[in-house]
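Chemist: What follows is a structure written as structure tokens; I'll ask about it next.
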Amino acid sequence: MKTSRRVLLGASLALPLGLPGIARAQAWAPSRSVRIVVGFTPAGTTDIAARILAEPLGRRLGQQVVVENRPGAGGNIGSQVVATADPDGHTLLMQTISGGAINYELYGSRMPIKPEDLAAVGLMIRVPNAIFVNPNLPARTLQELVALAKSRPGQLNIGSSGAGTSLHMTGELLKLEAGIDMTHVPFRGAGPMLQETIAGRIDVAVDNLPSVIGHLREGRLRPLAVTTKERTPAMPEVPTTAEAGFPGVEATAWFGLQAPARTPRAAIQRYSDELNAILREADMQRRLADLGGMPPNLTPDGGTSPETFDAFIKAEIAKWGEVVRRSGARVE
């Protein structure tokens, strides 16, 4: 039986109406396991963020997602691993404020990559930094700490998890904005820094809230302020730096996905879409809130996109480049 010309014409006219469904069915998908590279050691905030994301991302992609720790140089080694990886969509980077913004000015000519070597996928979480002290220090507010530091110029010390980290730069920003002099003491990671602050050998310290929140809640350390615009629901009793009179001391640690620069646009968009879907899941929202995390809020619906994350990173590079230049900090 012959097919009529009328039937063929009707089918041809109907075809475009089905194209969106066809496009969705043929959306990019990984053909093997995906790795998320972390430029820091296990158990830190960056590693925690990557591992929280890996399971639901793998479930949605239908492929295993593995976390690969490549620590060193303030996150630069991990960034370089991803920047030079095959841009086939199977390698992602859990980027941070250090590797994604601060290091470009801090390392200068020693920086192994350029911003354009990585492509933005999406911002996952923003995390407050906390400024805290040993409970024996006679300072219960940030204003009292500043007054104490001014009465003892250069005598108080301030610890961070390492020279050039975002926590170091947050401390430098506090010193610049408050006009105080404290001696920076860098450690090899947050663990040793917290131990020394609890022991009283470090007076003041700065850390990502997820790492220190247990010590703050149990009274081993005294929180003075969080460095975000709004108070964190995880510790609503702790004021912001702006409330304490220092609105210029704003520093939000952030964690988001990047990929090699030449990764196909379809792959970038797929990962961005899946990240947004995961961030809308109730279990993920609960887990991130328990860490003191805040949603991306880069799009009108509170989510993220490759374009908005790219613009966010560029703004962070400019902001922290200025802080590094003003502080005179350099990695030797």
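Chemist: Taking M124 as meeting all but one of (1) modelled with pLDDT under 95; (2) buried (at least 18 other Cβ atoms within 10 Å of the Cβ), write down the number of the exception.
Modeler: Unmet for M124, out of (1) modelled with pLDDT under 95; (2) buried (at least 18 other Cβ atoms within 10 Å of the Cβ): (1).
Chemist: Another question, then. Evaluate the stretch 199-219: report whether one residue or more is farther than 19 Å from A101 by Cβ, in contact with a His (Cβ under 9 Å, 6 or more places away or on another chain) and at pLDDT below 95.
Modeler: No - not one qualifying residue is present in the stretch 199-219.
Chemist: Hey, any hits in the stretch 275-298 for a residue that's assigned by TED's automatic domain parsing to the domain that holds W320, at positive phi and either acidic (D, E) or at pLDDT below 95 (or both)?
Modeler: Taking every residue of the stretch 275-298 in turn, at least one turns out to be assigned by TED's automatic domain parsing to the domain that holds W320, at positive phi and either acidic (D, E) or at pLDDT below 95 (or both).
Chemist: Looking at the stretch 146-167, which of its residues are within 16 Å of T46 (Cβ to Cβ) and either part of a helix (DSSP H, G or I) or in contact with a Lys or Arg (Cβ under 9 Å, 6 or more places away or on another chain) (or both)?
Modeler: Matches in the stretch 146-167: S161, G162, G164, S166, L167.
Chemist: A follow-up question, please. Give the residue that is surrounded by the fewest Cβ atoms within 10 Å (Cβ to Cβ), with candidates limited to residues of the stretch 147-163 that are in contact with a helix residue (DSSP H, G or I) (Cβ under 9 Å, 6 or more places away or on another chain) and aliphatic (A, V, I, L, M).
Modeler: Out of the qualifying residues, it is A163.
Chemist: Name the residues in the stretch 288-309 that are buried (at least 16 other Cβ atoms within 10 Å of the Cβ), under 24 Å from D273 (Cβ atoms) and not aromatic (F, W, Y), would you?
Modeler: Passing the criteria: L288, L291, G293, M294, P295, P296, L298, G303, T304, S305, P306, T308.
Chemist: Is it the case, given these coordinates, that S79 is of a type in the set (S, T, N, Q), surrounded by 24 or more Cβ atoms within 10 Å (Cβ to Cβ) and assigned by TED's automatic domain parsing to the domain that holds A261?
Modeler: So S79 fits the description; yes.
Chemist: With respect to R110, is the statement that it is surrounded by fewer than 24 Cβ atoms within 10 Å (Cβ to Cβ), under 18 Å from the mean Cα position of the chain (by Cα) and at pLDDT below 95 true?
Modeler: no
Chemist: Hey, another quick one. Pick from the stretch 255-270 the residues that are closer than 23 Å to I48 by Cα and out of contact with any Leu (no Cβ under 6 Å at 6 or more places or on another chain): which of them is surrounded by the fewest Cβ atoms within 10 Å (Cβ to Cβ)?
Modeler: The extreme case among them is R270.
Chemist: Which of (1) at pLDDT below 80; (2) buried (at least 16 other Cβ atoms within 10 Å of the Cβ) does P71 not meet, given it meets every other one?
Modeler: (1)
Chemist: With V331, V323 as the choices, which residue is outside any helix (DSSP H, G or I), under 27 Å from H184 (Cα atoms) and either modelled with pLDDT of 95 or more or among the β-branched types (V, I, T) (or both)?
Modeler: V331
Chemist: Moving to a separate point now. If we only count strands (runs of 3 or more DSSP E) wholly inside the stretch 172-248, which ones have 1 or more residues that are touching a residue at least 12 places away in the same chain (Cβ under 8 Å) and either in contact with a Pro (Cβ under 7 Å, 6 or more places away or on another chain) or assigned by TED's automatic domain parsing to the domain that holds G293 (or both)?
Modeler: Here the list reads 222-226.
Chemist: In addition: For the stretch 133-146, give me each residue that is over 29 Å from the mean Cα position of the chain (by Cα) and surrounded by fewer than 19 Cβ atoms within 10 Å (Cβ to Cβ).
Modeler: Residues satisfying the conditions are N136, P138, E144.
The values are calculated or read from the model by the stated rules, or taken from the named source; none is laboratory data. Model, not experiment: these values are computed from the prediction. We place every Cβ from the backbone using ideal geometry, glycine too, and count neighbours over all the protein chains shown.
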